Number of protein chains: 4
Amino acid sequence: MSLEKLYFKNDYSEGAATEILQGFLSTQLEQNTGYGTDKYCKSAEEKIRKATGIEDAQVKFICGGTQTNQLVISTMLQPFEGVIGAQTAHIAAHEAGAIEYSGHKVLTLPQHDGKIDPKELVDLIETFWNDESHEHMVYPGMVYVSHPTELGTLYTKAELEAIANVCKNYSLPLYLDGARLGYGLMSEGSDLDLKTIAKLCDVFYIGGTKVGALCGEAVVFTRNNMPKCFVAQIKQHGALMAKGWVTGMQFDILFTDDLYLKLSKNAIDMAKLLKEGFVKKGYKLHVDSPTNQQFIVVSNEQLEKLREKAVFEVWERLDKERAVIRFVTSWATKRETVEKLIEVI
Amino acid sequence: MSLEKLYFKNDYSEGAATEILQGFLSTQLEQNTGYGTDKYCKSAEEKIRKATGIEDAQVKFICGGTQTNQLVISTMLQPFEGVIGAQTAHIAAHEAGAIEYSGHKVLTLPQHDGKIDPKELVDLIETFWNDESHEHMVYPGMVYVSHPTELGTLYTKAELEAIANVCKNYSLPLYLDGARLGYGLMSEGSDLDLKTIAKLCDVFYIGGTKVGALCGEAVVFTRNNMPKCFVAQIKQHGALMAKGWVTGMQFDILFTDDLYLKLSKNAIDMAKLLKEGFVKKGYKLHVDSPTNQQFIVVSNEQLEKLREKAVFEVWERLDKERAVIRFVTSWATKRETVEKLIEVI
Amino acid sequence: MSLEKLYFKNDYSEGAATEILQGFLSTQLEQNTGYGTDKYCKSAEEKIRKATGIEDAQVKFICGGTQTNQLVISTMLQPFEGVIGAQTAHIAAHEAGAIEYSGHKVLTLPQHDGKIDPKELVDLIETFWNDESHEHMVYPGMVYVSHPTELGTLYTKAELEAIANVCKNYSLPLYLDGARLGYGLMSEGSDLDLKTIAKLCDVFYIGGTKVGALCGEAVVFTRNNMPKCFVAQIKQHGALMAKGWVTGMQFDILFTDDLYLKLSKNAIDMAKLLKEGFVKKGYKLHVDSPTNQQFIVVSNEQLEKLREKAVFEVWERLDKERAVIRFVTSWATKRETVEKLIEVI
Amino acid sequence: MSLEKLYFKNDYSEGAATEILQGFLSTQLEQNTGYGTDKYCKSAEEKIRKATGIEDAQVKFICGGTQTNQLVISTMLQPFEGVIGAQTAHIAAHEAGAIEYSGHKVLTLPQHDGKIDPKELVDLIETFWNDESHEHMVYPGMVYVSHPTELGTLYTKAELEAIANVCKNYSLPLYLDGARLGYGLMSEGSDLDLKTIAKLCDVFYIGGTKVGALCGEAVVFTRNNMPKCFVAQIKQHGALMAKGWVTGMQFDILFTDDLYLKLSKNAIDMAKLLKEGFVKKGYKLHVDSPTNQQFIVVSNEQLEKLREKAVFEVWERLDKERAVIRFVTSWATKRETVEKLIEVI
């Protein structure tokens, strides 16, 4: 039923890119070694090393985003350390306490359109170290940013550099959650390319699930800093896939002929069309998002009307009269669907 | 290179059944709701309820086996309880401490061809309760069996009933790890069918990864005993797939027209052929396995020769002269490959 | 050296009340059973049941406050739940992540002179339940208050009732951290007595370490709601003392002839004297604390001068020019020390 | 009632040595800084450094034994590592899963009168490293021995050296649980003195609770290898005492004028007397223990008779006819009590 409505609920509602499905078909009866030791993983790792410009980058493939966050954060932190992130950070707000489950606190900073501020970051760290009782507090052990953020916004190169400098000064690893990284990379006007991100971050992941894969995220350690016995730790978290090549092959295909970027571009183009449509029709944007998530302010009346036509998420209530709703495009969104939406809003 | 050899290393080396790959292709651009709320999950759950004969069974799909074990065990146990299993149990031996990572001890029993003995189980439980200091010990909180076991063997109906009775007497949930369940169900002479298993166990999982799926296991709670807020707990473990339908759809297809059993049957037929071949050639079996894992005793010389022809796993060293090696067939194993193997051994 | 200065750093700097030390002496060679099964624990439990007016209250003695918080919170919460507390709550700010170590998130509310507001509490809970994605969030599972708070302030009876009502409405246990409970009970003008606290809270602890004991806190479960196999869980946390009677006997003595209250009264009297002295000399109070912790606003110059005379803690910096400092009195503080302080400030 | 019987249940039934109680009395109103930063801790650390012969040993005081074991083991292990110990090791058998609660597996070896065998230790480690799948297993990360063992036995110098050599060869820290260390040091004929233990072990603890203290254990890191930010980690475990000097002062006194050894000697002398008495009367020893725990084999009839005269623990049932019972002497055991016991058995 809901499928008859125009569907913009998220970017993980469709299957996988054609090339990926063809890949599974054409290799169906090949026999690969297990647990990520296969040739597809190796090839994908190599392509990612090239794309990121980090020759000795260490790359591992994990099935999903929360799993990846829990794994990376808990294996890179010392037991007494926490991870710093925005109040709106996925790890702080929408992972059901997966970081705390692994024993670590999320130390939150105010969010500014989903982003953290380097000065506030310095303040938090300095306040900790200047506190005489800091041995009774959680040590700042890592900085987490998401790019695009949970609000669809992007860090500029200068902003990420500023954060990376703080991290360097205080010897804190910088971790970038790229669940929707492709959409950030293809956003018009963004000056943060993959190589710059790889250069600035100590670890980050390239999201597959939301960018055309069936499932899978590629974690990249850029400083020869993959945690010791990382495969055992992946296994210990229940995150080591027997058919590791299922994720490896998908990334091998996504990083062939720029497929990852091409898929991302479609979402960006469609989001731009959608955003312009809403603006033209007089809607107010909640945040000026340059990526595939668009946040629109609507009155209760508008909300009800839109619900008859489309499927989307109510992001938050602003007050009794108004809500923020979220429309998401994806690698698979069709132009005609967006155009139809704009017609009827 | 190794692909030119005859490959019997495991049952997760090939891709997925044709029907599954076709399923992904034919639904590529459908838009499904996330996190397992989609129609494919619902349909698969319904089919599994039917196949297991438990009308109100609660079914969830998880990406992999270790994840499933950690999740089920840690969410069903009280914090002060441990899980009882054989010394050879996967959770005791080959999951990198995933159960302990979740805070729980694995209480081990001797293994008898991979199986636990109901009397020894009673002994362990009684010894605990009779110990005046049992508040200083780990409480037995659950019983774990694998079927087929890690050694390819199967419980008989009488054996599983005996264990289930012990569990009932002591109010301990019985959990069956069915990573290779299909191969157990199709083994000639086994008197344990799916409905009986569902009736005897409080929770079990039906393995997909090793039986023709790309990835995925179906957890079945049979007593309306799914842990509270289980979806939140799956998320907390990092195990909730955004594209939940990726696993749901695979089980929907596996449980259509008995595909799951048909795929399993091939592995069993091929294993039988392989086993007979080895026996005819004078090899000694380490365990008399009626399923798709065959354990052969070889001298060092035989080992070296076989390595030139085939790919398999060295299971353990018996002594300086002899080792046990493992050959595994799968849903995808071809008759000609087995025949060729028998020729050259 | 610092001992020659006037010492107001905290309320755990002196030893134990004379009666307690005499108790240890007079029972030195008695042979008691271990792990809290002795007669002193039993007697203390009985006296606490009487003092709290809860006939079937369940009482256990734990060595320290953070241990107690971790133990109570983690054993009463479901794995997917967090505990709600003020941003200034000890568990949120100064326990080095002990709650997160046990796998649970601390969900923070704004603090108002160290206290939480029942309306904001309702908001947090309602926002959670109204969020369509709440299965991806940490469930509110318990409410934590400290009384006196970390800022020395006290809840009124009406305030605690309001919070208890919210807890009741949402079926959340209310937990009161009474590390300094005695000082709250003896504060002039407080309308919250021990029986009312016991009636309103599902669990709380009566602090001994900071109120005249060598070490020890008494946890009181008021609704027959002690977690299952609690002794085993205390042991599992490493918190079960072999010589359980060391803490039990101390509480037995503290709850004989109102010793606990008498010790507390001294600290309150001395704090009042000290507070009045500071105010008379023109100092500004940071918070109007009716208990044994007094927070004074000082200029940098004042800070340096005071440091020559007294030992206290710098609580926080207000700005470049001003800091908040904390003076603490205890059961052992002498009138002459306070008078000498007032003379020299 | 049971107090009228002759009491040999354990070595933590009496209070503390006179010198310790006097220490508390004479310093009652001194004001010490908190959390182990006081002069008594410093003095005790210094005395322990001297007694152990390790000039730069790092010493910390913890309230109890299980707490100490959980803390030391979990902070020294990597997340993917387990600790190796005998099946009878306290951490394996009688700590209610405290090690697993901290996320780590206890890897067990056969016990030989409570001790582990260096060859079996090598086997376990070699088997791990030679296993092709060891990334799916728990890494051996530490070796745990208790001295005296849970069966009262002692390692010889040669035995501990052999184990220490294995540890060195495989870069595994060796941890010695000295809950009853004093009784080991004073056992006649033992060639393992404190300095040798300190030299051979990477970390160990000197038990106070069972050797005359009210509570407290002293952890000694001998290789400048105290885990990073250890105080914060103690706090995070809920194990940092506000009045740290309560334990520090006790060890300061125990390590003055050899009090620790003198107290221990009494238990050894009384145990010898008791053992000889049982043997003379024709009882069979279960283990030949040279320390303060004596294990006697009794028939059911003997058991019932002894129960009328004395309090002791039933250690285990050997068969339907016979049990092993444990008699324990302590620093406080009186000669006349032992003599009376021997009379009546």
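The values are calculated or read from the model by the stated rules, or taken from the named source; none is laboratory data. Quick caveat: nothing in here was measured; it's all calculated off a predicted structure. Cβ coordinates were reconstructed from backbone atoms using ideal geometry, including for glycine residues, and neighbour counts include every protein chain displayed. The protein model used for the area step is the full one, side chains on, heavy atoms only, and it has no ligands, DNA or RNA in it. Shrake-Rupley method; radii C 1.70, N 1.55, O 1.52, S 1.80 Å.
What does the helix-only formula give at 222 nm for chain C: each DSSP H stretch with n ≥ 4 adding -39500 (n - 2.57), the total divided by the residues, and the result rounded to the nearest 500 deg cm²/dmol?
Computed mean residue ellipticity for chain C: -12000 deg cm²/dmol.
Considering only chain C, pick the residue with its Cβ nearest the axis of the rotation onto chain A, and state the distance in whole Å.
Looking at chain C's Cβ atoms against the axis toward A, the nearest is C:GLU100, 2.
Under 23 Å Cα-Cα from A:LYS305, which lysines qualify once same-chain neighbours fewer than 8 residues away are excluded?
A:LYS5, A:LYS9, A:LYS272, A:LYS275, A:LYS280, A:LYS281, A:LYS284, A:LYS320, A:LYS334, A:LYS340
Taking each label point as 7 Å beyond Cα in the direction of the beta carbon, state the distances from A:VAL279 to the same residue in the other copies, shortest first, in nm.
The answer, with the shortest distance listed first, is 5.9, 7.6, 9.5 nm.
Once the convex hull of the alpha carbons of region D:196-243 is built, what does its volume come to per residue, in cubic angstrom?
Cα-based convex hull of region D:196-243, divided per residue, equals 92 Å³.
Cα extents of region D:205-273 along the three principal axes, largest first, in whole Å?
Rounded to whole Å, the extents work out to 46, 27, 21 Å.
Have a look at B:TYR139, B:LEU21, B:THR291 and report the one farthest towards the positive end of the charge dipole of chain B, computed about the Cα centre with Cβ charges (Lys/Arg +1, Asp/Glu -1).
My answer, from the dipole projection, is B:LEU21.
Could you give the distance between the Cα centres of region B:106-171 and region B:317-340, to the whole Å?
30 Å
Based only on the alpha carbon positions, what is the Kirkwood hydrodynamic radius of the protein assembly as shown, in angstrom? The partial results should precede the final answer.
Numbers: mean 1/r = 0.0297 Å⁻¹.
Mean inverse Cα-Cα distance, inverted, gives 33.7 Å.
Among C:LEU124, C:VAL246, C:VAL324, which residue has its Cα positioned farthest towards the positive end of the charge dipole of chain C, with +1 placed on the Cβ of Lys and Arg, -1 on the Cβ of Asp and Glu, and the dipole taken about the Cα centre?
Farthest towards the positive pole: C:VAL246.
Can you list the distances in nanometres, one decimal and ascending, from the C:ASP117 label point to the identical position in each other copy, with the point 7 Å along Cα to Cβ?
Its label point is 2.2, 6.8, 7.0 nm from the equivalent points in the other copies.
For region B:177-305, what does the relative contact order come out to in percent, with C-alpha contacts under 8 Å and a separation of six or more?
23 percent
Long-range amide H contacts for B:LEU109: which residues qualify at under 5 Å (H placed 1.01 Å from N, peptide plane, sequence gap of 5 or more or a different chain)?
Amide H neighbours of B:LEU109, under 5 Å, 5+ apart: B:GLY85, B:ALA86, B:GLN87.
So what is the accessible area of region C:1-104 per residue, in Å², with the probe set to 1.4 Å? Kindly include the intermediate steps, with their values, before the conclusion.
Details: 3450 Å² over 104 residues.
Accessible area per residue: 33 Å².
Just which residues of region D:59-73 lose 10 Å² or more accessible area with every protein chain there, against their chain alone, with the probe set to 1.4 Å?
D:CYS63, D:THR66, D:GLN67, D:GLN70
When each copy gets a label point 7 Å from Cα toward the beta-carbon at B:LEU29, what are the spacings between them in nm, shortest first?
3.2, 8.8, 9.3
Quick one: compute the contact order of chain D, relative version, from alpha carbon pairs under 8 angstrom and 6+ residues apart, as a percent.
That works out to 24 percent.
How about region B:18-32: which of its residues lose at least 50 Å² of accessible area in the presence of all protein chains relative to their chain isolated, using a 1.4 Å probe?
The answer is B:LEU21, B:LEU25, B:GLN28, B:LEU29, B:GLN31.
What accessible area, summed over both chains, is buried at the D-C interface (1.4 Å probe, Å², nearest 100)?
On the way: alone 16240 and 16230 Å², together 27900 Å².
Summing both chains' loss of accessible area gives about 4600 Å².
Does any residue of region A:79-101 lose at least 30 Å² of accessible area with all protein chains in place compared with its chain alone, and if so which ones (probe 1.4 Å)?
The answer is A:PRO79, A:PHE80, A:HIS94, A:ALA96, A:GLU100, A:TYR101 - residues whose exposure falls by at least 30 Å² when every protein chain is included.
With the full set of protein chains in place, find how many percent of the accessible area of the protein assembly as shown is carbon and sulfur; take the probe as 1.4 Å.
Details: 24310 of 50160 Å².
With neighbouring chains kept in place, the figure for the protein assembly as shown is 48 percent.
I'd like the trypsin sites (Lys or Arg not before Pro) in region B:210-265 restricted to DSSP loop residues with at most 13 other Cβ atoms within 10 Å, sorted by number.
Passing both the DSSP loop test and the Cβ count: B:ARG223, B:LYS228.
How big is the dipole moment of the protein assembly as shown about its Cα centre under a simple scheme where the beta carbon of each Lys and Arg is +1, that of each Asp and Glu is -1, and everything else is neutral? Debye, nearest 20, please. The partial results should precede the final answer.
Values: 152 positive and 184 negative charges, 1 e Å.
My answer is approximately 0 debye.
Reachable aspartates and glutamates from C:LYS199, Cα under 16 Å, same-chain residues fewer than 8 places away excluded?
Within the straight-line cut-off, C:LYS199 pairs with C:GLU55, C:ASP56, C:GLU159, C:GLU161, C:ASP177, C:ASP191.
Given Cα positions, please report Rg to Rh for region C:153-215, the hydrodynamic radius being the Kirkwood one.
When Rh is taken as the Kirkwood radius, the ratio is 1.00.
Along region C:143-154, what does the Karplus equation 6.51 cos²θ - 1.76 cosθ + 1.60 (θ = phi - 60°) give for ³J(HN,Hα), rounded to whole Hz, x for Gly and Pro?
Rounded to whole hertz, the list is 10, 10, 10, 10, 8, x, 6, 5, 9, x, 7, 10.
Nothing charged except the Cβ atoms of Lys and Arg (+1) and of Asp and Glu (-1): what's the magnitude of the dipole of chain B about its Cα centre? Round to the nearest 20 debye. Don't skip to the answer; put the middle values down first.
Numbers: 38 positive and 46 negative charges, 161 e Å.
That gives chain B a dipole magnitude of about 780 debye.
Find the accessible area per residue for region A:181-274; the probe is 1.4 Å, ligands and nucleic acids are left out, and the unit is Å².
Dividing the accessible area of region A:181-274 by its residue count gives 27 Å².
If Rh is defined by the Kirkwood formula over all Cα pairs and Rg also comes from Cα, what ratio Rg/Rh do you get for chain A?
My calculation puts Rg/Rh at 0.98.
What are the extents of the Cα atoms of region B:239-321 along their three principal axes, listed from largest to smallest and rounded to whole Å?
For region B:239-321, the Cα spread along each principal axis is 50, 28, 22 Å.
Could you work out which residue, out of C:GLY238, C:GLY53, C:GLY114, moves most in a Gaussian network model of chain C, that is, has the largest mean-square fluctuation with Cα springs under 10 Å?
Among C:GLY238, C:GLY53, C:GLY114, the largest mean-square fluctuation in the Gaussian network model of chain C belongs to C:GLY238.
For region D:225-345, give the magnitude of the charge dipole about the Cα centre (Cβ charges: +1 Lys/Arg, -1 Asp/Glu; no others), in debye to the nearest 20.
So the magnitude is around 180 debye.
What value does region B:281-321 have for Rg/Rh, both radii from Cα atoms and Rh as Kirkwood defines it?
Over the Cα atoms of region B:281-321, Rg/Rh equals 0.94.
Gap in Å between the Cα centre of region D:246-305 and the Cα centre of region A:174-247?
60 Å
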